[in-house]
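The next block holds one structure in the form of structure tokens; read it before the comments.
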Amino acid sequence: MLNEFFLLIRDLVCQWGLIMRDISLHLMDIMQNSIRAQATEINVMLIADREKDELTVEIRDNGIGMDESLLNQVRDPFVTTRTTRKVGLGIPMLEASAERAGGKLDIKSQKSKGTTVVATFKISHIDRLPLGNIAETIMNIIAANKEIDISLHLSNKQEEFNFSISEIKKYLDGVPIDNIDVLIWIKDYINDGVKTIFGGVLNEVPG
């Protein structure tokens, strides 16, 4: 009976229009979870496999992680570690978006070691969310959290694009990572990577 109640709540989340309008917004939400979990490293992977008709979104961090009890409840929209919001909608919303597009959500976490969230979407599904502005999302996270080492990996199974804050800092010669010119360069660089990797693979990205 309790499981049916949670499924009903998840369906209501969809019906109330609380589904994010694109994947970049989900990405922002989950990365913010990592930041609240005191992560010093956040690794983001976006992989489009056209042969499998599958888009995979993975966010991995080295934050405080979750014990088995919290991990078992994390899909419940009434469970959250936040003090500013009683209802934790991020994970249920991502799961709903994935399942609406023929995919699924998987979460692995270990106390004191970190958390990995993996969502899959069927690329050709009519209800798959578009990527959205991945570059702007990453740039905004960096601007507000300059001490966190953020990396991004994009792949279409034939080509790869990699971005890492720790690597970029080696070439800045003391210029802060949140300098506006650096942030604009980061945004443009990632935008170019998205177009190169996903152009012609995902309909919303021009080839």
Qualifying residue in segment 141-149 (condition: surrounded by fewer than 19 Cβ atoms within 10 Å (Cβ to Cβ), more than 30 Å from Leu71 (Cα to Cα) and either charged (D, E, K, R) or touching a Gly at 6+ places or on another chain (Cβ under 8 Å) (or both)): no
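From Asp49, Asp29, Asp53, Asp11, grab the single residue that is over 19 Å from Ile148 (Cβ atoms), at pLDDT below 95 and either acidic (Asp, Glu) or touching a strand residue (DSSP E or B) at 6+ places or on another chain (Cβ under 6 Å) (or both).
Asp11
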If you scan segment 155-207, which residues turn out to be part of a loop (DSSP other than H, G, I, E, B), over 25 Å from Thr40 (Cβ atoms) and either touching a His at 6+ places or on another chain (Cβ under 7 Å) or of a type in the set (A, V, I, L, M, F, W, C) (or both)? Val201, Val205
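The values are calculated or read from the model by the stated rules, or taken from the named source; none is laboratory data. Predicted model, so just to flag it, every value in this text is computed and none were measured. We place every Cβ from the backbone using ideal geometry, glycine too, and count neighbours over all the protein chains shown.
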